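Worksheet for the structure shown next.
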Amino acid sequence: MTASKLVLNAASGAAGGSGPSMENIFSTHLYTGNSSANRSINNGIDLSTDGGLVWIKGRSSGYDHVLEDTERGADKALLTNTNGAAQSSGFYGVNQFNSNGFRLDESGNVNNSGIDYCSWTFKKQEKFFDIVTYTGDGNSSKTINHDLDTTVGMLIVKCTSNAQYWHVLHRSGSNSKTLYLNRTDAETNDVNAWSSTSPTSTQFTV
């Protein structure tokens, strides 16, 4: 059995109403690495209270994308390398989630001196974004609950305990196909990935 991570996304305001301010639930923040320990990145997103995900990519280097989230905890990185490596624990990355952003270790792929970076922060928010973890059981049509409470725009699933590809389902695609976040392949036929079942406002199927 394998522990897995899911990123769920829905268009803001998809279910109607004014909804929360986008600047309070999503941020794109640019910075230059300085290799300093415990460096705070303040972007106005409250991750310590409500949870969420930080996605970082070096813009002036060939580093992998680094994804860290509050469900698994700090210093547990997932990388978008081609072999779909398992979670890296103790990785030099995000070592703390704060009420106004996050904190970085001194180096790794996220804070090397002189490297330009882009970070995207998603706050857990109904009708916008959710993260859940689950343990696989090898059976078909396993349903997983989520808290979006609206139409799912996009799913990303990554195994954290083994090297496996990042599987992606988008609402514009087919539930009998999958995309790979860490590869350049076109959409691939795969009736097993989502059990040919589209996600609902409360569940998805693997």
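The values are calculated or read from the model by the stated rules, or taken from the named source; none is laboratory data. Fair warning: this is a prediction, and the values are worked out from it, not measured in the lab. Every residue, glycine among them, receives a Cβ derived from its backbone with ideal geometry; neighbour counts consider all protein chains shown. We work out accessible area using only protein heavy atoms, side chains counted, and drop any ligands, DNA or RNA first. Shrake-Rupley method; radii C 1.70, N 1.55, O 1.52, S 1.80 Å.
Calculate the dipole size of the chain relative to its Cα centre from +1 charges on Lys and Arg beta carbons and -1 charges on Asp and Glu beta carbons; express the result in debye to the nearest 20.
About 200 debye.
For the range 1-151, how many pairs of lysine residues have a Cα-Cα distance under 19 Å, where the two are 8 or more positions apart or belong to different chains?
For the range 1-151, qualifying lysine pairs total 9.
Evaluate the distance, in nm, between pseudo-label points positioned 7 Å from the Cα of residue 201 and of residue 38 along their respective Cα→Cβ axes.
Reported label-point gap for residue 201 and residue 38 is 4.5 nm.
Any idea what log10 I(q)/I(0) is at q = 0.14, 0.19, 0.23, 0.24 Å⁻¹ for the range 34-144, Debye with uniform C-alpha scatterers and no solvent?
Each listed q maps to, in turn, -0.58, -0.98, -1.32, -1.40.
Considering only protein heavy atoms, with the full assembly of protein chains and a 1.4 angstrom probe, order 92, 117 by accessible area, largest first.
92, 117
Taking the chain as a Gaussian network, where each spring joins two C-alpha atoms under 10 Å apart, which residue of 37, 74, 86 fluctuates the most?
37
Quick one: plug the Kirkwood hydrodynamic radius of the range 128-206 (C-alpha pairs) into Stokes-Einstein at 4 °C, 1.567 mPa s, and report D in µm²/s.
Diffusion coefficient, whole number: 100 µm²/s.
How would 178, 151 rank on accessible area, largest to smallest, probe 1.4 Å?
151, 178
Which FRET efficiency, nearest 0.05, do residue 187 and residue 151 yield, Cβ-Cβ r, R0 25 Å?
After rounding, the FRET efficiency stands at 0.80.
Based only on Cα atoms, what Rg/Rh ratio does the chain have, Rh being taken as Kirkwood's radius?
Reported Rg/Rh, Kirkwood definition of Rh: 0.96.
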